[in-house]
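Bear in mind these aren't lab numbers, they're just calculated from the coordinates by the rules spelled out. What you see is a predicted model; the values in this text were computed from it and never measured. Here the Cβ is made from the backbone with ideal geometry for all residues, glycine too, and neighbour counts use every protein chain on show.
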Amino acid sequence: MKNHSRLPFLLLLFFLFVLPINSKVVAQSNGGAGAPQPPMAEKKTKTTNIHGTTLVDDYFWLREKTNPAVMAHLKAEDDYAQSMMKHTAPLQEKLYNEMLSHIKQTDSNVPFRSGKYFYYTRTEEGKQYPIYCRKKGSQDAAEEIILDQNELAKGQKFMSVGTFAPSDDGNLLAYSTDNTGYRQYVLQVKDLRTGQLLPERIERVNGVVWATDNKTFFYVTEDAVTKRSDKFFRHVLGSDKNDLIYEEKDELFDIGVGRSLDKEIVFLHAFSKTSTEARYMRADEPNGTLKVILPRQAEHEYDVDHRNNTFYIRTNRGAKNFRIVTAPVNDPSEKNWKEFVAHRPAVKLDNISLFANHAVLSEWENGLQELEVVDFKTDKRHRIKFPEPVYSAGLSNNREFDTSVVRYSYNSLVTPFSIFDYDMNTGKATLLKQVEVPGGFDRTNYKLERAFATASDGTKIPLSIVYRKGVKLDGSAPLLLYGYGSYGLSIEPTFSSNRLSLLDRGVIFAIAHIRGGGELGEEWRQAGRMMNKMNTFTDFIASAEALIKMKYTSKERLVIQGGSAGGLLVGAVSNMRPDLFKAVVSQVPFVDVLNTMLDASLPLTTSEYIEWGNPNEKPAFEYMKTYSPYDNIAKKDYPAMLVKVSVNDSQVPYWEGAKLVARLRTMKTDNNPLLLKVNFGAGHGGASGRYDALRESAFDYAFMLWQMGVKE
């Protein structure tokens, strides 16, 4: 996802008292006589001269978050979107109730063991948020509520829990909360014996681990302006001191703290998009010093875990898709490396999880996730078997080191989220729970398929597809195509009970696993970033064309969706092939690429020079200019669009989507709806409450079904 954050949160109550700015009539998008008229943002031109090119930005002023006129414009846009969607209000309510009917509102997840306690969360009907609980000694013991997010959310428009870290003895809980959506978390410590909060209150915390003495903890903070995680502190409970242990000066790097499962080592990893560096200290020596494991080098990515006085290093040195080596703790230099898992060109090695007698490798092969178990005693290896051709699988909550049982999750586009315990000695998998989907769900009513599109250079692009049996594959069906394709992130084909409201209306759902993601390994990622970014967009276009050619849908009934960097994707392809799509749903979209990346004062811009390119360098500027959605809007017909932004978004600021819509209103030549939906009380992920999130999904689905021509 796009890791940009902008100005600090300001109270937004005054929005209610700001008069809407005047709206001008726009013939090409007014929806006909008597229809609501879309607001037109005033043009205030700002020009940037670079590399002999003049960038014209007529709507730069929309960045002025404290300007009442900006908030008035956003309010007018949101009112217009609501009025244009008013005719779908009954459908929205029906969709909401359907989605709610597919959720077991009072439920709990499977407890996991950590020390003397079994931890879990549960939900109650009518309450927006989970309740964090535990039981001592066994799952049959009395319940202890340790944190109720519903209580934390009282009087708040937004509430998110970030860090949740019990001390080793289980007496204390370090947890963090964000009440704006800006992803700026405040750390507090609760004494679970008394229920009282301790005096500690630390701002902007992004990760906490405890030392073994149960009174010292280590934490990372982010810079208040740039939101780059850059400082590492030690704190002793009851002290007013916060000892700065390490500060990351390189603006390309963030830092993150973790602890080995055997609880012996505290790790501090510094990471950029293409390079990493790890440090460590013993958890039982909280006043010790950090030691570098391997100094950072350009293009060397590695991470480290610990077992039996040995470091296990996952490295791309001589291994594009990573390999694992071991090294002694007293001297982990490269001369002491021993091969543990060799490089396999067709297998992306994502992670290694270490237990007392086993290791579990998390891998991607042929665009699918695999879990491989290694027995340290016998050196035998085997993979856990999964039953479907397209699925999502990964390790779940594993907090105990000395165990022969590993917990993993499994689901697919037709199989609800499931938790298994797997005996690594016998190979037996035991289903602990599959999420119940009430409301008449039957997985046998749906068909799961895998297909491939062919890119312009001959590359095969995997497609994950699901639809209700009985849907005719003659080109007449509506289809929703989703994509992302950035940061090497893999889009897993997961189950969604909400999505049933589309599938049961005959809508086909497809995911295009395009280059820039990580589904097919590191080469897949590299082929869709920096000066290869155009492959991401042409792969998506090829995927849409293939779905039409294979008679899954037609361009008259094809809707595309993407969020954050996926918003960049759908924005770019809407400029490149507007004729190919009926409608676009663009959520918190990164679309103002050049203006954002040319402004080094904006949070995290510089760290992303090695993801998108540095536009201060002419070749990168010229290349980015070919696809930046905001800079490529032209006078032509566009698909219908729903653009969604959040005022408190710290990843992609609200003004990117707002500026895109403002420019489109003056340029597009069609009569298709163009809506800007604004969330004034949330951030990048939208509403935090589960019922509020369902309302947002109902709005999105109603827009899609309207544009697909699906009749009730």
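Tabulated results
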| item | result |
| --- | --- |
| Residues in the range 163-206 that a label on Arg399 would reach, taking backbone N under 16 Å of a point 7 Å out along Cα→Cβ | 163-176, 190-193 |
| Debye log10 I(q)/I(0) for the range 586-712, one point scatterer per Cα, at q = 0.13, 0.18 Å⁻¹ | -0.63, -1.05 |
| Proximal lysines to Lys154, defined as alpha-carbon separation beneath 29 angstrom and excluding residues fewer than eight positions away on the same chain | Lys65, Lys75, Lys94, Lys104, Lys127, Lys135, Lys136, Lys190, Lys227, Lys644, Lys677 |
| Cα-based convex hull volume of the range 282-421 per residue, rounded to whole Å³ | 141 Å³ |
| Efficiency of FRET from Cβ geometry, Thr194 and His382, R₀ 45 Å, rounded to 0.05 | 0.40 |
| FRET efficiency for Glu712 and Asn308, using Cβ-Cβ distance with R0 set to 60 Å, rounded to 0.05 | 0.45 |
| Over the range 44-198, equivalent-ellipsoid semi-axes from the Cα gyration tensor in Å | 44, 25, 14 |
| Folded to 0 to 90 degrees: helix 565-576 orientation relative to the chain principal axis, Cα | 30 degrees |
| Hydrodynamic radius by Kirkwood, which averages 1/r over all alpha carbon pairs of the chain, in angstrom | 27.0 Å |
| Size of the range 516-594 as Cα extents on the principal axes (Å, biggest first) | 33, 27, 17 |
| For the chain, calculated [θ]222 nm from helices alone, where every DSSP H run of n ≥ 4 adds -39500 (n - 2.57) | -5000 deg cm²/dmol |
| Under-5 Å amide H pairs with Ala41, H placed in peptide plane, nonlocal only | none |
| The range 608-660-the range 143-158 distance, computed between alpha-carbon centres (Å) | 37 Å |
| Measure of compaction for the range 413-524 (Cα Rg per 2.2 N^0.38 Å) | 1.26 |
| Percent of beta bridges antiparallel (DSSP, the chain, rounded to nearest 5) | 85 percent |
| Dipole in debye (nearest 20) - the chain, about Cα centre, beta carbon charges: Lys, Arg +1; Asp, Glu -1 | 1320 debye |
| For Gly394, residues with placed amide H under 5 Å, excluding near neighbours | Ser409 |
| Chain lengthening between Asp284 and Met667 when straightened (0.36 nm per residue, less Cα-Cα) | 131.5 nm |
| Label-point gap, in nm, between Thr426 and Thr53 - each point 7 angstrom along Cα→Cβ | 6.4 nm |
| Farthest positive-ward along the range 537-604 dipole, Cα basis, beta-carbon charges - from Ala565, Met597, Met576 | Met576 |
| Kirkwood Rh (inverse of mean 1/r, distinct Cα pairs), the range 479-615, angstrom | 15.6 Å |
| Long-range amide H partners of Ile245 with built H, under 5 Å | Phe232, Phe233, Arg234 |
| Value in Å of the Kirkwood radius, where the range 109-155 supplies the Cα pairs that are averaged | 11.2 Å |
| Charge tally in the Cβ shell below 10 Å around Arg577, where Lys, Arg are +1 and Asp, Glu are -1, Arg577 excluded | -1 |
| With Cα atoms, 0 to 90° folded angle of helix 690-708 axis to the chain main axis | 40 degrees |
| Whole-number Å³ per residue for the convex hull built on Cα positions in the range 159-345 | 132 Å³ |
| Spin-label pair Thr274/Asp223, simplified geometry with 7 Å Cα→Cβ offset, distance in nm | 2.1 nm |
| Rounded to whole Hz, the Karplus (6.51, -1.76, 1.60) HN-Hα couplings of the range 427-437, x for glycine and proline | x, 8, 9, 10, 6, 8, 6, 10, 4, 6, 10 |
| Simple label model, 7 Å out from Cα along Cβ direction - Phe164 to Glu93, nm | 3.5 nm |
| At R0 = 41 Å, FRET efficiency that the Cβ-Cβ distance of Gln82 and Gln434 yields, to 0.05 | 0.60 |
| Additional length obtainable on full extension of the chain from Ser353 to Ile610, 0.36 nm per residue less Cα span | 89.7 nm |
| Over the range 161-258, volume per residue of the alpha carbon convex hull, in Å³ | 98 Å³ |
| With Cα atoms, 0 to 90° folded angle of helix 68-84 axis to the chain main axis | 70 degrees |
| Per principal axis, descending, Cα span of the range 217-262 in whole Å | 32, 30, 14 |
